[in-house]
Structures are given as C-alpha cells and as structure tokens.
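Undergrad: Here it is, the structure, as structure tokens.
The values are calculated or read from the model by the stated rules, or taken from the named source; none is laboratory data. Every value quoted in this text rests on a predicted model; they were computed, and no experiment measured them. Quick reminder, even Gly has a Cβ in these numbers, built from the backbone with ideal geometry, and neighbours come from all protein chains shown. Surface areas here come from the heavy atoms of the whole protein model, side chains and all, with no ligands, DNA or RNA. Shrake-Rupley method; radii C 1.70, N 1.55, O 1.52, S 1.80 Å.
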Amino acid sequence: MAVVEQSAPRWDLAPFFPSPQSQEYEQEFSEFVRDIETLSALHNEYSVRRRESAGIDADFVSAYEPITAAWNALRDRQRLLSAYIGCLTTTDARDDAAKSRLSQLDERSVALDKLYTCYVAWVGTSDIEALAAQSTVARDHEYQLWKMKQQAAHQMTEAEEELATELRTAGLTGWSHLHGNMSALLEVQVALPSGEQTLPMSSVRALANHPDRAVRKAGYEAELSAWDAVSIPFAAALNSIKGFQQTVRRRRSYGDDVEPTLLSNGISRAALDAMQQTCAESFPDFRRYMAAKSRLLGLERLAWFDLTAPVGASVKRYSWQEAEEFILTNFRRYSERLASFAARAFDGSWIDAEPRIGKRGGAYCTGFIPGTSRIMMNFDGSFNSVSTLAHELGHAYHNFNLKDRTALQRGTPSTLAETASIFCETLAFEAATDQARPEERLALLDTVLERNLAVVVDIHSRFLLEQTVFFRRSERELTVPELNAAMVDAQRQTYGPNVHPLHAFMWAVKGHYYGPTFYNYPYTFGLLFGLGLYARYLEDPSAFQRQYDDLLSCTGMEDAVTLCRRFGFDIERQEFWRSSLDIIRAQIAEFQRLVA
C-alpha cells in the first residue's frame with residue numbers, strides 16, 4: 001500500500017467563515033434569504049413569467065437590467081455558501097452541523113430555482129435580438145439570452161415547473177446525498193498478505209496501484225464485497241434519480257434523455273456523435289496497449305485490478321513539498337502568471353490533500369468568490385497524485401480567468417470546464433517524461449495511458465450504462481443483479497476481451513451517475529480538446545499564450561462549437577477528434593516499443 005505523505009495539507013476555510021454555526025455564516029445566509037425575498041418582489045412587480053407578447057420596449061429594458069443585476073449578485077452569494085458547505089460535507093461525512101446547513105441551503109435554493117425558471121421563461125419568450133439591440137446588459141449576456149430561449153421552448157407550465165423544483169430535493173438531491181455520505185463513510189475489511197486491515201474506501205481503491213498483484217486482488221475483492229453490502233440502497237437511489245430525471249425530461253418534450261444535456265453542455269448532437277464514433281474507432285488501439293501491459297506483467301490478460309498496476313522502473317515518490325516544487329517549476333516554464341497563481345494557492349492553503357475516513361474519494365475544485373477556489377484531493381505520493389494536483393490547479397486557474405465575468409457569464413458548460421485542467425495536467429506529464437530515464441518513461445507513459453483509457457474507454461462504458469438504465473427504467477426499476485449485468489455488458493463493449501474479471505459494481509462507485517444527467521461524456525470532450533490545445537501550443541507558443549487566457553475567460557460566453565472554431569477546430573467533424581486521438585495513439589506506439 002502506498003505510504004501517505006503525513007504533511008499533506010488541509011485547506012483553510014476560515015477566510016470565508018469560522019464555522020457553519022458562526023455568526024458570520026448566519027449573517028451571510030440571512031442576507032441570502034432576504035435577497036431571494038427582494039428578488040421575488042421584483043418578479044411580482046414586473047410580472048416576470050412567460051410572456052404572451054415577445055415585444056421589447058423601454059419599460060421591459062428598465063425591468064430587465066436591474067433584475068439581471070440582482071440575479072448575478074444572488075448567484076455569487078449562493079456560490080459562496082454552497083461551496084463552503086460542500087467543502088465541509090465532502091471532507092467529513094460525520095459533520096452533522098454542515099449537513100444540517102446543507103439541507104437548509106438546499107431548501108432555500110428551491111425557492112431561488114423556482115424564480116429562475118420564471119426568469120428564463122420571461123427572457124426566453126421575448127425578442128432577444130431586439131433586447132440585445134436596446135440594452136448593454138443584454139448584449140453582455142447574449143449567449144445567456146440564447147440559452148434561455150432554448151430552455152423556455154421546453155418548459156412545462158409554470159405550476160408544473162414549480163412542482164418539479166419542489167420535488168427535486170426529495171426525488172433527486174436527497175438520494176444523491178445518501179450515495180455520497182454512505183460512500184465516504186465506508187470502512188472496508190481487507191485481507192492483505194500482511195494481515196487484515198480496516199481501511200476507508202478511498203484507500204482500498206488506491207490499492208489498485210500497488211506493485212504486488214496479491215495486494216491488488218485483495219483490495220479488489222474487498223471493494224466488491226463492500227459495494228455489494230450497500231448495493232440495495234444505492235440501487236434505490238439510482239432508480240429514483242433516473243426515474244425523476246426521465247419523468248421531467250418527458251414532460252419537457254425532449255426527444256431522448258441525451259437531448260437536454262446538449263444545451264447544458266454547450267455541445268451539438270453532431271459534435272457529440274462525431275466524438276463518440278471516433279472514440280469507438282480507437283478502442284482497438286487501447287486494446288493493443290492493454291495487451292502490451294499484460295505481457296509486461298506476465299499475464300495472459302489483465303484483470304480489472306491490473307489496469308492501474310505500476311510497470312517499468314519505479315517512478316519517484318513525492319513528498320507534498322516536492323510536489324509543490326515540481327508544479328511551480330514546470331508551470332513557470334509555460335508562464336510566470338500560471339506559476340504565480342499556483343504559488344498563491346499553495347501559500348493560501350487552498351488545498352485539502354490528506355486522505356482520511358469520512359472524506360470522499362476523488363478530487364475536485366470549487367470556486368468560492370471570483371478568482372478564489374479550493375481544491376479537494378487525496379494525495380498518496382505517486383506521480384498520479386501530482387498529475388491530479390496539476391489538473392485541479394488548472395480548474396482553479398480557469399476560475400481565476402473568469403473572475404471579471406458576471407455570475408451568469410461564468411456558467412461554463414462541463415465540456416469546456418476541463419480545458420485548463422487537461423492542459424495543466426499535460427504540462428506536468430511532459431515535464432516528467434522529459435526528465436525521465438527510459439525505464440521511468442515507460443512507467444510515466446503507462447500512467448498517462450491509464451488516464452486516457454479511463455477517460456476515452458471507461459467513460460464510454462459509463463455512457464452506455466446510463467443509456468441502458470434510462471431505457472429500462474422507463475418500464476420499471478432495475479434490480480442490483482440487472483445493474484451489475486448492464487455494467488459488465490457496457491465494459492465488455494468497450495474494453496473488449498482484454499480484461500477479465502470486470503467491475504460489476506462500478507455503477508455504485510461513480511458519483512457521476514447520482515448527479516446531473518450523462519455527467520460523463522464532457523470529460524472525454526475535455527481530454528481530447530485539451531490535447532488539441534496543447535498540440536497548438538507546441539506549434540506556436542507565443543501566439544497560443546496571447547489567446548489562451550482570453551479563451552478561458554470566454555467559456556461561459558459561447559457554446560463549445562463556436563469557441564472551438566475560434567481556435568480553428570471543427571468539433572462536428574471526426575477529423576478533429578482523430579487528430580487528438582492520434583496523440584494518444586503515438587503514446588501507445590511508444591509504450592509498445594518500450595515494452596518490446
């Protein structure tokens with residue numbers, strides 16, 4: 001098992017609030033509630049709801065501008081409160097005070113969301129071209145106007161939208177909290193070769209990276225047993241969430257379960273289809289990688305617990321201090337601005353990196369106030385952890401470049417949210433391989449190919465699984481054995497015959513199934529788009545740097561198709577996706593050469 005660096009930091013949330021029970025938090029929350037009431041009064045005064053006539057006059061403009069300003073201010077306040085409470089609940093599932101505040105915030109956010117539905121209907125049923133012509137504020141939010149027009153076209157009646165919003169807490173959010181809290185609190189008995197141990201689930205999953213196959217297998221078997229023990233409530237949660245989402249989708253007259261995600265992710269159907277088809281074309285390439293890795297490990301084929309097994313010469317283990325130095329040195333090779341930003345994050349205690357019971361697995365970055373973020377991760381001293389750190393700092397840098405936008409303008413779709421994170425992760429990988437000996441290079445290539453395998457192949461299996469669940473959930477709830485069978489079938493379609501046994505409980509592992517609909521394919525988009533940007537950077541570093549920060553600041557101002565065209569990419573054609581996957585194919589070819 002990897003030795004956890006004991007000096008891995010915890011973040012400092014005190015600059016925002018001393019505690020969720022503090023007077024400062026209570027005051028901020030009370031002001032949030034008052035602002036909702038004030039906005040509600042404005043809505044009533046100006047009849048903010050679906051309009052019978054789309055005409056725009058001076059009276060409408062004089063109402064639109066202060067209401068939009070109020071919305072921007074309220075979203076900023078909501079972001080601060082939700083980010084703070086989210087940081088507490090994801091790092092300590094036993095923090096009852098934070099969970100109580102989260103429930104309180106969720107209830108108030110329902111009222112705000114009902115108002116926002118009316119705001120979308122009010123703006124979306126107006127002549128948005130005429131509005132933009134008469135209002136500077138509207139022109140500044142032109143993309144948001146366009147999105148509201150599309151959303152308004154699919155809204156239910158006002159009463160139905162209100163009911164759906166009110167039921168969301170019980171029919172969606174509560175089930176999601178159940179999954180997240182139970183996952184974070186799972187303690188697993190693992191029969192390791194050295195003796196039985198009780199470990200948090202995040203540590204058990206980390207055993208998949210252990211060099212001893214017996215340890216990896218023990219972790220895998222213990223993990224499956226632990227997920228099986230909670231599979232019934234998790235199946236209930238998944239069935240309830242997907243049933244709720246599907247019912248609302250039908251009432252909003254979308255053609256299928258993917259369609260509503262296209263607008264929220266800023267992507268066209270043509271772009272999604274082109275990406276998915278091109279990814280499927282690449283599966284034989286990934287199978288060559290897995291076959292080479294199995295030969296290197298002396299196996300006929302990989303088991304699931306071999307997918308992230310280390311190969312090659314031992315790659316350096318990093319202390320937290322060494323990880324910081326590596327990031328700063330190699331970010332500085334790209335730009336002083338990026339390195340200075342990372343130093344600010346380190347010095348300001350923005351990062352919670354210590355693994356512990358009650359803390360959720362994985363990693364994320366969340367924005368608090370414009371330009372300021374916090375990062376959660378589980379640092380284990382591996383290069384993969386350093387890469388994750390670079391990835392999440394990329395998200396924080398993206399937030400930093402959005403700081404001068406309004407709250408509505410900062411609404412970056414998930415497809416573009418990975419732009420800076422993948423770019424920064426690639427900077428870290430390229431720097432590490434440049435400094436590596438051939439044996440170490442093999443190990444580093446394996447690390448990045450493991451990531452690519454997860455984002456291109458495994459995420460495609462998650463997409464297929466979610467499609468299956470939606471299709472079958474339209475008739476009835478799925479049982480645990482049916483969910484297991486559907487998961488294995490999706491994995492067989494993507495991984496092929498190279499992996500056995502598979503992971504039947506991956507539907508229970510991934511929190512993405514328990515949140516937004518199809519919260520999977522944006523990660524594939526982000527990886528491939530990020531690789532494409534990095535290739536463009538290598539072609540002309542100076543020209544790229546002049547445009548890059550502006551690109552990041554505009555990710556909430558345009559859809560993905562339009563923004564990509566600014567960089568000369570047509571994401572509705574398979575050629576773009578093939579060019580990005582060619583970078584991965586080259587990595588696979590080099591891996592095969594080094595294995596041979």
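Undergrad: I'd like the full set of residues that are open to solvent by 60 Å² or more (accessible area, probe 1.4 Å) and under 28 Å from the mean Cα position of the chain (by Cα), limited to the stretch 209-226. Walk me through how you get there before you give the answer.
TA: Residues of the stretch 209-226 open to solvent by 60 Å² or more (accessible area, probe 1.4 Å): 209, 211-213, 217, 221, 225.
Correct list: 209, 221, 225.
Undergrad: Something else now. So, in the stretch 344-379, of the ones that are charged (D, E, K, R) and in a loop (DSSP other than H, G, I, E, B), which residue ends up least open to solvent (accessible area, probe 1.4 Å)? Before you say what the answer is, go through the steps one by one.
TA: The initial filter retains those residues of the stretch 344-379 that are charged (D, E, K, R), namely 344, 347, 352, 354, 356, 359-360, 374.
Filter once more, keeping what is in a loop (DSSP other than H, G, I, E, B): 354, 356, 359-360.
On the way: 354: 43, 356: 40, 359: 5, 360: 65 Å².
Here the answer is 359.
Undergrad: Oh, and also: Within the stretch 380-393, can one find any residue that is at pLDDT 95 or above, of a type in the set (A, V, I, L, M, F, W, C), in contact with a helix residue (DSSP H, G or I) (Cβ under 8 Å, 6 or more places away or on another chain) and in a loop (DSSP other than H, G, I, E, B)?
TA: no
Undergrad: Have a look at 241, 267 and point out the one that is buried (at least 21 other Cβ atoms within 10 Å of the Cβ), touching a residue at least 40 places away in the same chain (Cβ under 8 Å) and in a loop (DSSP other than H, G, I, E, B).
TA: After applying the criteria, what remains is 267.
Yes/no per residue for (1) assigned to a helix (DSSP H, G or I); (2) buried (at least 21 other Cβ atoms within 10 Å of the Cβ); (3) at pLDDT 95 or above:
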{"site": "113", "(1), (2), (3)": "yes, no, no"}
{"site": "123", "(1), (2), (3)": "yes, yes, yes"}
{"site": "126", "(1), (2), (3)": "no, yes, yes"}
{"site": "131", "(1), (2), (3)": "yes, yes, yes"}
{"site": "138", "(1), (2), (3)": "yes, yes, yes"}
{"site": "146", "(1), (2), (3)": "yes, no, yes"}
{"site": "149", "(1), (2), (3)": "yes, no, yes"}
{"site": "154", "(1), (2), (3)": "no, no, yes"}
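Undergrad: Report yes if residue 555 is open to solvent by less than 10 Å² (accessible area, probe 1.4 Å) and either more than 30 Å from residue 295 (Cβ to Cβ) or of a type outside the set (Val, Ile, Thr) (or both), otherwise no.
TA: Yes.
Undergrad: Okay, next question. Please go through (1) hydrophobic (A, V, I, L, M, F, W, C); (2) over 20 Å from residue 302 (Cα atoms); (3) open to solvent by 20 Å² or more (accessible area, probe 1.4 Å); (4) touching a residue at least 24 places away in the same chain (Cβ under 8 Å) for residue 455 and return the number of the only condition it doesn't satisfy.
TA: (2)
Undergrad: When you go through (1) farther than 26 Å from residue 173 by Cα; (2) out of contact with any helix residue (DSSP H, G or I) (no Cβ under 6 Å at 6 or more places or on another chain); (3) not polar (S, T, N, Q) one by one for residue 48, which number turns out not to apply?
TA: (2)
Undergrad: If you take the residues of the stretch 231-245 that are within 21 Å of the chain's Cα centre (by Cα) and of a type in the set (A, V, I, L, M), which of them is nearest to residue 504 (Cα to Cα)?
TA: 238
Undergrad: Which of the following residues is open to solvent by 60 Å² or more (accessible area, probe 1.4 Å) and over 26 Å from residue 371 (Cα atoms): 34, 50?
TA: 50
Undergrad: Follow-up question, since we're still on this one. Filter the stretch 54-94 down to residues that are touching a residue at least 40 places away in the same chain (Cβ under 8 Å), acidic (Asp, Glu) and not in a helix (DSSP H, G or I), then give me how many there are.
TA: So the count comes out to 1.
Undergrad: Residues in the stretch 143-159: is at least one among the aromatic types (Phe, Trp, Tyr), under 25 Å from the mean Cα position of the chain (by Cα) and under 24 Å from residue 362 (Cβ atoms)?
TA: Looking for residues that are among the aromatic types (Phe, Trp, Tyr), under 25 Å from the mean Cα position of the chain (by Cα) and under 24 Å from residue 362 (Cβ atoms), one finds none in the stretch 143-159, hence no.
Undergrad: If I filter the stretch 4-11 for residues that are open to solvent by 40 Å² or more (accessible area, probe 1.4 Å) and either among the hydroxyl-bearing types (Ser, Thr, Tyr) or under 24 Å from residue 403 (Cα atoms) (or both), do I get at least one hit?
TA: yes
Undergrad: Among the residues of the stretch 495-516, how many are open to solvent by less than 40 Å² (accessible area, probe 1.4 Å), under 24 Å from residue 201 (Cβ atoms) and over 21 Å from the mean Cα position of the chain (by Cα)?
TA: Counting residues in the stretch 495-516 that are open to solvent by less than 40 Å² (accessible area, probe 1.4 Å), under 24 Å from residue 201 (Cβ atoms) and over 21 Å from the mean Cα position of the chain (by Cα) gives 5.
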